[in-house]
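Only one structure is covered here, and it is reproduced in the block below.
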Amino acid sequence: MKLKIIPILLVVLFLVGCASTTGTEREATYKQITMSEAVEMMASENDYIILDVRRPDEYAAGHIPNAVNVPNESIGTDEIDELPDKDRLILVYCRSGNRSKQASEKLVKLGYTNIVEFGGILDWTGEIEK
């Protein structure tokens, strides 16, 4: 009787072990950096997008040069035409850093793999484009 139980226990332990490995996989996320790190990254990297996730009126009032505007509120479950390459480096900012974090989380859920959030334009000391 005891010998019949051992194979059953081994199968159960194997199945439980396999099921638990999916729970230990690391969830995709974005990287958060400081404004000065973002400035350094912009100087050293070549192929990136600066993403302003503020409202269009805020963007029009002044934004980081060459930034693309996709408001946080418009990021949902649909593909984003302005961001076709999901593996490209995307540097995300807003006014103070709150919406950029929200947008970064949503972008990761949409499958973007290289999202870097760097806060808000309030901390930007560089040129502003209108």
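The values are calculated or read from the model by the stated rules, or taken from the named source; none is laboratory data. Since this is a predicted model, take the numbers as computed values, not measurements. Virtual Cβ from ideal backbone geometry, glycine too; neighbours counted across all protein chains shown. With ligands, DNA and RNA removed, areas are computed over all heavy atoms of the protein, side chains included. Shrake-Rupley method; radii C 1.70, N 1.55, O 1.52, S 1.80 Å.
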Among the residues of segment 59-104 satisfying the criterion of being out of contact with any Leu (no Cβ under 9 Å at 6 or more places or on another chain) and among the basic types (Lys, Arg), which is least open to solvent (accessible area, probe 1.4 Å)?
Arg99
From the options Glu129, Glu37, residue that is in contact (Cβ under 8 Å) with a residue 40 or more places away in the chain, surrounded by fewer than 17 Cβ atoms within 10 Å (Cβ to Cβ), in contact with a Phe, Trp or Tyr (Cβ under 8 Å, 6 or more places away or on another chain) and among the acidic types (Asp, Glu):
Glu37
